[in-house]
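> Below are the structure tokens for one structure; questions will follow.
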Amino acid sequence: MKRRDFLKRTSALGAVTILTNPKSARSAAANERIQLAVIGCGARSDWVCRDMMIRPADDVRFAWCCDVDLSRAQKRATQLTRDGVVPKVTQDAKAVFDDQSVDGVVLVTPDHWHALHTIQACQAGKDVYCEKPLSRSPFEGEMMIQAAKKYNRVVGAGNQTRSSDYCPVAKKYIEEGNLGEIEFVRVHNMWRASLPSVQTGVPKPDGLDWDKWIGPSPYRDYSPTYMLSLAWGYFWDFGNGLLATQGVHQIDVARWLLGLNIPKSCYSAGGMDKKKLLTQTAETQSTVFDFGNLIMNIEQTMNCPYMLETDWEVREKEMHPYWFQNASRIEIYGSRYLMVIGRLGAGWQVFDRTKKRLPVVKSQGFGSYSQLQEAHMSNFIDAMRERKKTNSSVEECHKSTMLVHYANMSLRAGSVKLEIDQQTGKVVNCPEVAPFWRPQFRKEYDIPEIA
């Protein structure tokens, strides 16, 4: 795709303007280069930063690379060097927030750092792109929204499928009534790997500030397991399990396509503590949400190597996966037809009754993973310039992440059916979830309450 056509497409995916003050801190004029800083320089930052660097050097440049492991920051700085200008490196995010030349912060940290860094960035007058899952607890998500509002910041999040070109077509197909009445949707979240065992007795690497890595969470001794890609998400102190690290993508797509907001109830059951590691999340988990007008089921399991993510050929070609063993599909059951849609550029298909035991496809659309990735990152830059909401705003991402929180709170409270106020989102029947709603944070890294 030519860059001119790409930018035209991404502009068409934009949302309504929310920030009306053109003089808000470091608002970039159309002819000014945007200066970014990346905080968290692990594997995922490679993808995120690379897709932001599709913009020309006079449009976007990285000024800082920050990581608690200085060697990772230095490695990312080498990748992000443009026209001989090497980003500065630091282990302390305060250096980034204090630099008035920085317009926006790209957060690719473990989940437990998302809220505090987003709030700190907003307070420093920086816009924020935050990778998913948005937050580790409901309170954190609420404060991220409040910070964006109070400090007039653009805060976008990493539910990249919102920037695909195939999902809006599927959404329009649904809204035109083509599937008929919809009363049931099933979200699949399957993973071929199993939960990791914690490796102990390993010395901390030189150059790693472990206390800063722990940040707001309860302190525990160093283990390389926690720093493996996404592995921190399998421990309650740092994340919310596979449902958050992967499932929130499908949950967000389902909620967006069907116009869902706050459920009236949630019930979740599953297998926890399978390996007697008391802080581990569930491998197998089944959740039922009642939205009043429809039921959403989320089915999750791990350690099933026959369930596959959408492969790279499907992601970039006009073809669909073998849906029955696709690990991240969404099934939308209408009174007329069934729609199956996937993330990662998998596209969508609508099925009628079979004929001679063969599928009958009524309609379909194809996707491209590279398109949605590049469009999502470019949309954040456009939103910074134009002072508008991103395709995946902090408010919308919070609503989707809350479904993860409700499911896990139900599970951790003993598989209690949670009754939820559909106006406020608060749980009204189970005081036992209070510690999960607002967990304790370490004093020196406390997450402030933003009024």
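> Ordering LYS317, LYS399 by how much accessible area each has at a 1.4 Å probe, largest first, what is the list? Walk me through the numbers on the way to the answer.
On the way: LYS317 105, LYS399 70 Å².
So the residues, ranked largest to smallest area, are LYS317, LYS399.
> If you add up the charges near ILE330, with Lys and Arg at +1 and Asp and Glu at -1, over every other residue whose beta carbon is less than 13 angstrom from its beta carbon, what do you get? All intermediate terms of the calculation are to be shown ahead of the outcome.
Details: positive: LYS171, ARG186, ARG255, ARG329, ARG343; negative: ASP252, GLU299, GLU331.
So the environment of ILE330 carries a net charge of +2.
> Could I ask something else about it? Per the helix-only calculation at 222 nm, which mean residue ellipticity applies to the chain, given -39500 (n - 2.57) for every DSSP H run of n ≥ 4 and division by its residues, nearest 500 deg cm²/dmol? Show your work: numbers first, answer last.
Values: 13 runs with 130 residues, N = 451.
Here the helix-only value at 222 nm equals -8500 deg cm²/dmol.
> Provide the net charge surrounding GLN422, with neighbours chosen by a C-beta distance below 11 Å and charges set as Lys +1, Arg +1, Asp -1, Glu -1. Don't jump to the answer; show the numbers that get you there.
Working: positive: LYS264, LYS426; negative: ASP290, GLU419, ASP421.
Charge balance in the 11 Å sphere: -1.
> Hand me the GluC sites (Glu not before Pro) from the range 249-338 located in a DSSP loop with no more than 13 other Cβ atoms within 10 Å, in residue order please.
On the way: sites: GLU283, GLU299, GLU309, GLU313, GLU316, GLU318, GLU331; in loops: GLU283, GLU309, GLU318.
Here the sparse-neighbourhood loop sites are GLU318.
> Set the Förster radius R0 to 25 Å, insert the Cβ-Cβ distance between SER363 and GLU386 as r into 1/(1 + (r/R0)^6), and round the FRET efficiency to 0.05.
Details: r = 34 Å, r/R0 = 1.35.
Given R0 = 25 Å and the Cβ-Cβ separation, E is 0.15.
> Using 0.36 nm per residue of separation minus the Cα-Cα distance, give me the extension gain between TYR306 and THR424 in nm, one decimal.
On the way: separation 118, 0.36 × 118 = 42.48 nm, distance 4.05 nm.
Separation in residues times 0.36 nm, less the Cα-Cα distance, equals 38.4 nm.
> Please identify every one of the GluC sites (Glu not before Pro) in the range 147-236 that sits in a loop by DSSP and has no more than 11 other beta carbons within 10 Å of its own beta carbon. Mind showing how you got there, number by number?
Numbers: sites: GLU175, GLU176, GLU181, GLU183; in loops: GLU176, GLU181.
Sites meeting the loop and neighbour criteria: GLU176, GLU181.
> Counting Lys +1, Arg +1, Asp -1, Glu -1, what net charge surrounds LYS264 among other residues with beta carbon under 9 Å of its beta carbon? The partial results should precede the final answer.
Numbers: positive: none; negative: ASP290, GLU419, ASP421.
Charge balance near LYS264 sits at -3.
> Per 0.36 nm of contour for each residue apart, how much would the distance between GLU316 and SER335 grow if the chain were fully extended, relative to their Cα-Cα spacing? Don't jump to the answer; show the numbers that get you there.
Numbers: separation 19, 0.36 × 19 = 6.84 nm, distance 3.17 nm.
Using 0.36 nm per residue and subtracting the Cα-Cα distance, I get 3.7 nm.
> Quick one: work out Rg over Rh on the C-alpha atoms of the range 195-315, Rh as Kirkwood radius.
Rg/Rh for the range 195-315 comes to 1.03.
> Next question, about the same structure. Can you list the residues, at least 5 places off or on another chain, whose amide H is less than 5 Å from the amide H of VAL154, using H built in the peptide plane?
Amide H neighbours of VAL154, under 5 Å, 5+ apart: VAL128.
> For the range 253-260, in order, what is each residue's ³J(HN,Hα) by Karplus, 6.51 cos²θ - 1.76 cosθ + 1.60 with θ = phi - 60°, in whole Hz (x at glycine and Pro)?
Each residue's phi maps through the Karplus curve to give 4, 4, 5, 5, 4, 9, x, 8 Hz.
> Give me the extension gain from GLN440 to LYS149: residue separation times 0.36 nm, minus the current Cα-Cα distance, reported in nm with one decimal. It would help to have the intermediate numbers written out before the result.
On the way: separation 291, 0.36 × 291 = 104.76 nm, distance 2.43 nm.
Answer, rounded to one decimal: 102.3 nm.
> Averaged per residue, what accessible area in Å² does the range 291-355 show with a 1.4 Å probe, protein chains only?
On the way: 3100 Å² over 65 residues.
Per-residue accessible area for the range 291-355 comes out at 48 Å².
> Separate question: The range 202-243: D in µm²/s via Stokes-Einstein (Kirkwood Rh, Cα pairs, 20 °C, 1.002 mPa s)? Don't skip to the answer; put the middle values down first.
On the way: Rh = 11.0 Å.
Value of D from the Cα-based Kirkwood radius: 196 µm²/s.
> I want to check the label-to-label distance for GLU299 and ASP237. Put each point 7 Å from Cα in the C-beta direction and report it in nm to one decimal.
The modelled label-to-label distance comes out at 3.5 nm.
> Note down the accessible area of ASP352, probe 1.4 Å, to the nearest 10 Å².
60
> To the nearest 0.05, what FRET efficiency results for LYS264 and GLN74 with a Förster distance of 60 Å applied to their C-beta separation?
Working: r = 50 Å, r/R0 = 0.84.
That pair, LYS264 with GLN74, gives E of 0.75.
> With every atom except the alpha carbons ignored, what do you get for Rg and Dmax of the chain, in angstroms?
Taking only Cα atoms of the chain, I get Rg and Dmax of 21.4, 67 Å.
The values are calculated or read from the model by the stated rules, or taken from the named source; none is laboratory data. Keep in mind that what you see is a predicted model, and the values were worked out from it rather than measured. Positions of Cβ are generated from backbone atoms using ideal geometry, with glycine treated the same way; all protein chains shown enter the neighbour counts. Note: accessible area is taken over every heavy atom of the protein model, side chains too, but ligands, DNA and RNA are not part of it. Shrake-Rupley method; radii C 1.70, N 1.55, O 1.52, S 1.80 Å.
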